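In what follows, a single structure is set out as structure tokens and then discussed.
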Amino acid sequence: MKIDKNTTLKIAKLCRLRIEEQETEELSSQLSSILDWVEKLNEVDTDNVEPLSNVSTAKLPLRKDEENSEDKSKDILTNAPEKLENYFVVPKVVE
Amino acid sequence: MEFSSITETLKTIRSKKISVEELSKIFIKRIKDNKNLNAFIYFNEENIIEKSREIDKLNNNLFLKGIPLAIKDLFCTKNMPTTAGSKILSNFHPTYESFVTQKLLNQGSVFVGKANCDEFAMGSSTTTSFFGNTINPASPQGKQLVPGGSSGGSAAAVAAKLCLGATGTDTGGSIRQPASFCGVVGMKPTYGLCSRWGIVAFASSLDQAGIFANSIEDASILMKEIAGYDSNDSTSAKTIIPDYYKNLNRDVRGKIIGVPKEYTLPGISDEINTVWEDAIKLFEKGGAKIKKISLPHTKYALPTYYIIAPAEASSNLARYDGVKYGFRSNEKNSLDEMYELTRSEGFGKEVKRRILIGTYVLSAGYYDAYYLKAQKVRKLIADDFTIAFKDCDFILTPTTPSQAFQIGEKEEDPIKMYLNDIFTVPASLAGIPGISVPFGKSKEQLPLGIQLLSKHFDEQTILNAGFYLEKNNE
Amino acid sequence: MNNLIKGTKFEWETIIGLEIHAQVKSNSKLFSSSSTKFGSKPNSQVSLFDAAMPGMLPVINEFCIKQAIKTGIGLKAKINHYSVFDRKNYFYADLPQGYQISQYKHPIVGEGVVTIDFSNGESKDIRIVRLHLEQDAGKSLHDQNPAKTYVDLNRSGVALMEIVSEPDLRSAEEAALYITKLRSILMYLDVCDGNMQEGSLRADVNISVRKPGENYGTRCEIKNLNSIKFIKQAIEFEAKRQIGILEEEGEIEQNTLLFDSLIGKTRPMRNKEEAHDYRYFPDPDLLPLEIEDNLIQSLVKEIPELPDERKKRYINDFHLSNYDSSVLTSEKQTSDYFDKVLEVHNDLKGSAKLVANWITSELFAILKKHSLDILQSPISPEHLGSLIKLISSDKISGKIAKEVFEEMFQSKESPEKIVKEKDLIQVTDTKEIEVIIEKILNDNQDKVKDFKEGKTKLLGFFVGQAMKESKGKANPKKLNQILLNKLK
């Protein structure tokens, strides 16, 4: 699968990575190789196979609806790069 | 060397022949003398001594009282920063302790530092860390060899006796492969045996906490202490943890050992196959029977892994956005720009590559062809093992396709690096336990390892087999 | 019912589908045990998981699952025995994980139906496509600072039920009826508090227009409407906007819109150059949800009487009209009140219509005047019933009753007590009334003469005077009767 520059940039946008102009070619080439390599899976017949999303055979554990009303805002905000009066602060979003 | 095993050291501590503080000072000196290895991202002498003094006052019955351990910098620790080997978390101080490390603290162990690792556990060489490369202590004069990865710092620290044990994480081989390269025991338990709560997530359906030690006995003790159900981890297994150490048994008579034909690969150097054959012969000498088995989908394991792991990682790493914690880029004209610059400056090349691959294979139009396909092949790989274990008690393979390579080698082509995991990845996909036991030496006298795999929740079998192998590795 | 809109050139049909987000009423969040209370100090109800700290993992709230199943039962929907939680990946300031845990291919509830009732007695079934559970996002405050946005994660992780309808709605009125009915069902089930101002219930509207008989047109999505009034306004504006474009032979651009309630117009959300690619995949931190039949059966038993059944009961047992029954049952608290009146006062069952009227006209009016809802009514159901019985038994007149009613509202006292204290008992005793009438007629002999000579309008005067004399307590019917007799 050939990944061209535009696709690389599109994917980068989706995952919020900025790829510099000089990096795009090498990166696109590496991504193409990796994707070519993983396409080996097309050799496998998986017509009647169920996907395995969990190796665990357990049931989904359920939690009781008990609220923990402890105010942890100090811990929650302590590593914040920017905060003000108990809020996280980020550059303005224009809606 | 004195103080090179947990079992011996515990005896000495309990008999009060040495205090925890004195013991810690010995290891502190060793760490300082070996700074060149760069095994640690975080090391704080005063904290260690202070903690050791506290532990000296504690109950003698604690299973790990005074035992110095290195903690892979992927485990969130309250009193030490947690960086995941990345710039984006270089200033992160968790306000919480991971479930596994809390268990170790509860038993009185001393954390001597946070061990270096590949960034976000993505790598097989510990050369992608923001904090520099770790050097394999087995490196001969004038050469700098990789310790393997991603848990290279942990493996190196144990191998160089800078601590008596270490935690690591293994997603595709990140404990077993460095254990083999550095010549120590490294174990990845069954998926779900250990809690993932508080461990920086890479690929959630594959990540498992595990341990490094210098002997099977030590490994058994550590494994028992970190295993156990955690209600805060919905993938945690409700299972009784055996006393692996007490149950250790070297008797392999009558055991059936599966040797998978698909692990014989062209292009793998002879020394690897020789070591593999030596191990087989050794088991036969002990009364075990060898059975040739087939794991037909083995060659698809790496591509399967390199679809699933990056996909899950691309989602798990979305939270590193400069909003709640960690590094934030100085340029920030808008939210999206802040995201892009923070993540581009904060993540290294390999991490970015994997995020891009992961995003691509999940994206509209490609999900079925890549991710869904990989999940199906994963089922076939897991079934291979289930079928194989009907005919054998455990499986024996080499751990790595080569001895430790030089730092800088294999950097040009990502796929070359990925091939390091060729023997370890299948077990990760199936969720079965695996251990690497140091065995034999390469032509250049570098450590090599033998991998033992057993069925789900049967850690005891491979610990026992490793116990036998270790005794006879002369 | 003709819902067509007349454009300048053609007639147009509006096609509407609603996606409702209802916050699940529960003590703690969907995947963490933080509190779900509204209005707390910012970031005070946020756990390590809600803030997406490294290494944190979800554990699902059993009660939220039950609430979703009950909702499915209330929507007459299929409960799926197997469902999966998927990650919906996108970046936004109020989404700390960079993904929302939701359900994509395998939701917990499948197809169902909601019946809406028109005031002319007709009904229409609106089909439900599905209901799934997902996390709510936090809140971003954009207007506190010109260059910055403030983020509060209190709401992040609260359980939401997303209820998706088929595009079966054909007008703003139908949409309003649908959301009113759905909200009512949710509140009857006690699975959501229905508080739209606080954001407990929000709607995204999907709307397109077409000429009758043609295929569906391109639709636009209007996001995050939190009042029925705005939903109606937004639909009406957007339908006109789309019709305007199509009549000029233009094309509708598929867009996500916001409704600006200040100016009453829709506008596109900020740059949507890339359509969202959410890259859904099953969340590897969670296992699939398997629901057993016996759980569903046990929850069926917990379902209270729902609006449609209750309405049928009112029509069948109390012979109330369709309209009255609809009004009474539209809010659970109103019909609970009505039921309570009849529960305490069994003997009023025959006068159910009277009770209904008192509630929907007098009680509603006085509550509205004081901005109260029926749960806060100072007049209890028991007291209202007593008041009605005093009227039916002729103990007080209708006019006096209204006074007593006002006094009951102010003082919360029982009508009996008020009537006694104020001496308002109706005078029905013939002799007593005769005495009063005698007095009035005696005092106004000239007028009596005038009346007998033909000025029959003076009857009103006598009645008025007699009433005044009796301090309003004379039973009007008896008074009239006796007066007429005396004037013969």
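Please treat every number below as a calculation from the coordinates, not as lab data. Here the structure is a predicted model, which means the values were calculated and not measured. Backbone-built Cβ (ideal geometry, glycine too); neighbour counts: all protein chains shown.
Tabulated results
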{"item": "Kirkwood Rh in Å, taken over all unlike Cα pairs in region C:305-421", "result": "14.3 Å"}
{"item": "Rel. contact order, % - alpha carbon contacts under 8 angstrom, at least six apart, region C:430-486", "result": "44 percent"}
{"item": "Cα→Cβ-extended label distance, 7 Å offset, between B:Lys416 and B:Asp336, nm", "result": "3.8 nm"}
{"item": "For region B:227-370, Kirkwood radius (reciprocal of mean inverse C-alpha pair distance, Å)", "result": "20.5 Å"}
{"item": "Where the Cα pairs of chain B fall when distances are cut into 10 Å bins, in %", "result": "4, 22, 33, 27, 12, 2, 0, 0"}
{"item": "Average beta-carbon neighbours from other chains, 10 Å sphere, peptide C:280-292", "result": "6"}
{"item": "C:Ser361 versus C:Asn3: modelled label distance in nm, points set 7 Å from Cα along the beta carbon direction", "result": "3.3 nm"}
{"item": "Cleavage-rule hits (trypsin sites (Lys or Arg not before Pro)) in region B:374-438: DSSP loop, at most 15 neighbouring Cβ within 10 angstrom", "result": "B:Lys390"}
{"item": "Cα-based equivalent ellipsoid of region B:1-125: semi-axis lengths in Å, sorted from largest, via gyration tensor", "result": "26, 16, 12"}
{"item": "The protein assembly as shown: Rg to Rh, with Rh as the Kirkwood radius over Cα pairs", "result": "1.13"}
{"item": "B:Asp251-C:Glu198 pseudo-label distance in nm [points 7 Å out on the Cα-to-Cβ vector]", "result": "6.8 nm"}
{"item": "Listed residue (C:Pro146, C:Val129, C:Gln103) projecting farthest to the positive dipole end of region C:63-202, Cβ model", "result": "C:Gln103"}
{"item": "Farthest toward positive dipole pole in region C:58-200 [+1 Lys/Arg, -1 Asp/Glu at C-beta], among C:Tyr90, C:Leu182, C:Met196", "result": "C:Tyr90"}
{"item": "Region C:112-144 versus region B:195-247: alpha-carbon centroid distance in Å", "result": "45 Å"}
{"item": "Percentage relative contact order, chain C, counting C-alpha pairs under 8 Å, at least six apart", "result": "14 percent"}
{"item": "Once exposed loop GluC sites (Glu not before Pro) are cut out (DSSP; at most 11 other Cβ, 10 Å), longest piece of chain C", "result": "C:293-452"}
{"item": "Projected-area mean, chain A, by convex hull of Cα positions, square nanometres", "result": "13.2 nm²"}
{"item": "Calculated Rg and Dmax of region C:430-486 using C-alpha coordinates, Å", "result": "10.3, 30"}
{"item": "Calculated P(r) of region B:342-474 - Cα pairs past 24 Å, %", "result": "48 percent"}
{"item": "Largest to smallest principal axis extent of the C-alpha atoms in region B:95-148, angstrom", "result": "42, 22, 15"}
{"item": "Order of B:Thr171, B:Thr134, B:Thr461 - criterion: other Cβ atoms within 10 Å of each residue's Cβ, fewest first", "result": "B:Thr461, B:Thr171, B:Thr134"}
{"item": "Fraction of antiparallel bridges per DSSP, chain B only, in percent to nearest 5", "result": "65 percent"}
{"item": "Per-pair calculated FRET efficiency, R0 = 25 Å: C:Ser392 and C:Asn485 via Cβ, rounded to 0.05", "result": "0.45"}
{"item": "Shielding by partners - mean other protein chain Cβ count within 10 Å, residues of C:146-154", "result": "6"}
{"item": "Range of Cα positions in region C:368-488 per principal axis (Å), largest first", "result": "57, 28, 20"}
{"item": "Exceeding the 30 Å Cα-Cα cut-off - candidates C:Lys240/C:Lys312; B:Lys78/C:Lys41; C:Lys353/C:Lys431; B:Lys281/B:Lys373", "result": "C:Lys240/C:Lys312; C:Lys353/C:Lys431; B:Lys281/B:Lys373"}
{"item": "Residues B:Trp197, A:Trp37, C:Trp358 arranged by fewest to most Cβ contacts within 10 Å", "result": "A:Trp37, C:Trp358, B:Trp197"}
{"item": "Using alpha-carbon coordinates, inclination of helix A:21-38 to the longest axis of chain A, degrees", "result": "70 degrees"}
{"item": "Charge dipole of region B:1-58 about the Cα centre (unit charges at C-beta), most positive-ward option of B:Phe3, B:Phe40, B:Ser52", "result": "B:Phe3"}
{"item": "Label zone at C:Glu122, where the point sits 7 Å out along the Cα-to-Cβ direction: region C:232-260 residues whose backbone N lies under 17 Å", "result": "none"}
{"item": "Förster-model FRET efficiency, 41 Å R0, C:Lys477 and C:Glu305, C-beta, rounded to 0.05", "result": "0.55"}
{"item": "Stretchable slack from C:Glu406 to C:Phe461, in nm (0.36 nm times residue separation minus alpha-carbon distance)", "result": "17.1 nm"}
{"item": "Per-residue Cβ neighbour rank within 10 angstrom, fewest leading, B:Tyr367, B:Tyr306, B:Tyr42", "result": "B:Tyr367, B:Tyr42, B:Tyr306"}
{"item": "Neighbourhood charge, 9 Å Cβ-Cβ cut-off, centred on C:Asn89 and excluding it, Lys, Arg +1 and Asp, Glu -1", "result": "+2"}
{"item": "Sum of side-chain charges, B:Lys349 neighbourhood, beta-carbon under 11 Å (Lys, Arg +1; Asp, Glu -1)", "result": "-2"}
{"item": "Distance from region A:1-34 to region B:55-120 (C-alpha centre basis), Å", "result": "37 Å"}
{"item": "Kirkwood Rh and Cα Rg combined as Rg/Rh, chain C", "result": "1.12"}
{"item": "Relative contact order (%) - region B:213-257, alpha-carbon pairs under 8 angstrom, separation at least six", "result": "36 percent"}
